[in-house]
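The values are calculated or read from the model by the stated rules, or taken from the named source; none is laboratory data. Model, not experiment: these values are computed from the prediction. Methodologically, a virtual Cβ is constructed for each residue, glycine included, from the backbone with ideal geometry; neighbour enumeration extends over all protein chains shown. Side chains included, ligands, DNA and RNA excluded: accessible areas come from the protein's heavy atoms. Shrake-Rupley method; radii C 1.70, N 1.55, O 1.52, S 1.80 Å.
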Amino acid sequence: MAAPNGKPRTCETGEPMEAESSGSSQVYLPGRGPPLREGEELVMDEEAYVLYHRAQTGAPCLSFDIIRDHLGDNRTELPLTLYLCAGTQAESAQSNRLMMLRMHNLHGIKPPPSEGSDDDEEEDEEDEEDRKPQLELAMVPHYGGINRVRVSWLGEEPVAGIWSEKGQVEVFALRRLLQVVDDPQALATFLRDEQARVKPIFTFAGHMGEGFALDWSPRVSGRLLTGDCQKNIHLWTPTDGGSWHVDQRPFMGHTRSVEDLQWSPTEDTVFASCSADASIRIWDIRAAPSKACMLTTTSAHDGDVNVINWSRREPFLLSGGDDGALKIWDLRQFKSGSPVATFKQHVAPITSVEWHPQDSGVFAASGADNQITQWDLAVERDPEAGDTETDPGLVDLPQQLLFVHQGETDLKELHWHPQCPGVLVSTALSGFTVFRTISV
């Protein structure tokens with residue numbers, strides 16, 4: 001199906017269901033239509049993807065961030081190279097690692113082979129070897145599982161803010177890790193002699209418990225917000241000498257765990273928060289922490305509000321909750337308490353949301369139903385087209401839904417690559433996935 005704006009609309013999900021018993025295939029969507037029967041399995045529709053790669057790193061990662069690199073913006077030529085910083089959730093506290101990943105030689109989906117001679121087969125084997133994706137991994141021991149990772153550049157210095165399950169927030173310098181994943185000899189030396197000595201450059205233990213919410217300001221270098229499961233939010237201000245002053249007075253307002261934080265992309269002092277108390281709040285740090293909450297929507301979702309993302313291009317805030325709903329809030333109308341749009345495709349809690357960095361109407365979401373969905377607010381169904389070409393099971397899908405990706409297990413987080421348009425990276429119990437669909 002093609003959307004009216006010319007984008008392919010892939011409600012074939014990228015993962016159609018293959019019914020082995022009959023040899024036929026049909027679209028499978030969780031919560032819509034019958035569940036998978038015995039003998040049926042999800043099979044990827046490769047024609048729905050431009051790029052698709054998977055990687056595993058041992059213990060699963062609850063959180064990661066994509067590192068903005070020096071390889072250029074708007075990269076579309078394949079193969080791709082990308083850098084990730086991630087933290088593990090291992091079975092024992094001492095088995096955890098902070099990791100730097102360099103994924104490279106990421107080629108696109110190979111077209112199906114054409115009938116040819118034996119020479120073609122030999123060339124294909126050589127080509128397959130040349131096209132193998134590569135992964136370099138630098139690891140640093142970390143005591144305790146890592147709940148969230150967010151990366152920022154402080155001038156020319158890359159750093160990672162880390163929320164630990166042990167109740168501490170730490171900042172790690174990443175320059176050395178970035179260097180060694182680019183140099184095999186340096187990586188070997190690092191893993192042998194240096195990794196055990198890497199320590200955080202700053203640690204804050206004043207949260208009185210663990211948390212998940214963390215965001216670096218995109219406008220003021222080094223300014224950081226951290227929120228915990230005890231309902232408190234703290235502001236970090238960078239100081240001379242590469243350290244931070246953390247205001248011990250928390251921002252007060254939420255009545256339960258602070259789940260996510262987002263700085264405004266247009267105002268230095270404004271940020272948004274969401275909570276397990278079902279609310280979304282807008283704050284201004286120019287006021288005293290006890291009076292800084294300026295706007296509140298008390299019942300933003302039916303239950304916990306898990307994640308929020310502030311659009312870099314429009315005055316919109318995107319939220320996802322335990323109710324499986326995705327909601328868009330126009331900040332010019334936030335006082336009304338009503339979203340300007342609500343989408344219900346997921347059938348389990350939303351675990352991650354993010355606006356596309358270049359296309360203002362496009363966003364992606366992941367859920368505990370193991371779906372990643374891609375959406376475009378600009379899409380409207382053509383009333384003259386009717387539903388003659390539509391699979392009967394897809395007629396009632398939201399018209400803004402572009403693509404449903406499946407096949408992961410226990411999805412936790414996703415990010416668009418800021419320099420490679422349309423490329424999504426996700427982390428799940430099943431590992432990392434890097435992909436680009438034909439729809440975005």
Any strands (runs of 3 or more DSSP E) falling wholly within the stretch 55-107 and containing at least 3 residues that are open to solvent by 30 Å² or more (accessible area, probe 1.4 Å): 97-106
Qualifying position, being open to solvent by 70 Å² or more (accessible area, probe 1.4 Å) and in contact (Cβ under 8 Å) with a residue 12 or more places away in the chain, among ASP182, ASP240, ASP215: ASP182
Residue that is surrounded by the fewest Cβ atoms within 10 Å (Cβ to Cβ) [pool: residues in the stretch 402-418 that are among the charged types (D, E, K, R) and farther than 16 Å from GLY320 by Cα]: ASP410
Residue within the stretch 166-179 that is in contact (Cβ under 8 Å) with a residue 60 or more places away in the chain and assigned to a helix (DSSP H, G or I) present: yes
Residue list for the stretch 327-364, restricted to those being touching a Gly at 6+ places or on another chain (Cβ under 6 Å) and under 22 Å from ILE438 (Cα atoms): HIS346, VAL353
Meets criteria (within 20 Å of LEU214 (Cα to Cα), assigned to a loop (DSSP other than H, G, I, E, B) and either in contact with a Leu (Cβ under 9 Å, 6 or more places away or on another chain) or at pLDDT 95 or above (or both)) for PRO339: no
SER279 being farther than 23 Å from ILE146 by Cα, of a type in the set (Ser, Thr, Tyr) and open to solvent by 20 Å² or more (accessible area, probe 1.4 Å): no
Enumeration of residues in the stretch 347-367 that are of a type in the set (A, V, I, L, M) and within 10 Å of the chain's Cα centre (by Cα): VAL353, ALA364, ALA365
Residue count, the stretch 134-148 (criterion: surrounded by 18 or more Cβ atoms within 10 Å (Cβ to Cβ) and not hydrophobic (A, V, I, L, M, F, W, C)): 5
Residues of the stretch 252-275 that turn out to be open to solvent by 10 Å² or more (accessible area, probe 1.4 Å) and of a type in the set (A, V, I, L, M, F, W, C), as a count: 2
For GLY116: the one exception among (1) open to solvent by less than 70 Å² (accessible area, probe 1.4 Å); (2) part of a loop (DSSP other than H, G, I, E, B); (3) at pLDDT 95 or above: (3)
Criterion violated by VAL151 - all others in (1) touching a Pro at 6+ places or on another chain (Cβ under 9 Å); (2) open to solvent by 50 Å² or more (accessible area, probe 1.4 Å) satisfied: (2)
Top-ranked residue of the stretch 21-44 - restricted to ones that are in a loop (DSSP other than H, G, I, E, B) and out of contact with any strand residue (DSSP E or B) (no Cβ under 8 Å at 6 or more places or on another chain), ranked as modelled with the highest pLDDT: GLU38
Given (1) under 24 Å from the mean Cα position of the chain (by Cα); (2) open to solvent by 40 Å² or more (accessible area, probe 1.4 Å), index of the condition THR203 fails: (1)
Matching entry among ASP322, ASP260, ASP268, ASP304 (being touching an Asp or Glu at 6+ places or on another chain (Cβ under 6 Å) and in contact (Cβ under 8 Å) with a residue 40 or more places away in the chain): ASP304
Residue list for the stretch 157-189, filter: in contact with an Asp or Glu (Cβ under 9 Å, 6 or more places away or on another chain) and of a type in the set (Phe, Trp, Tyr): TRP163
The stretch 110-139 residues that are within 27 Å of MET99 (Cα to Cα) and of a type in the set (Lys, Arg), paired with ones that are at pLDDT 75 or above and open to solvent by less than 60 Å² (accessible area, probe 1.4 Å) (beta carbon under 6 Å, 6 or more apart): ARG131/HIS107
The stretch 397-440, subset in a loop (DSSP other than H, G, I, E, B), hydrophobic (A, V, I, L, M, F, W, C) and closer than 29 Å to SER152 by Cα, residue nearest to the chain's Cα centre (by Cα): VAL423
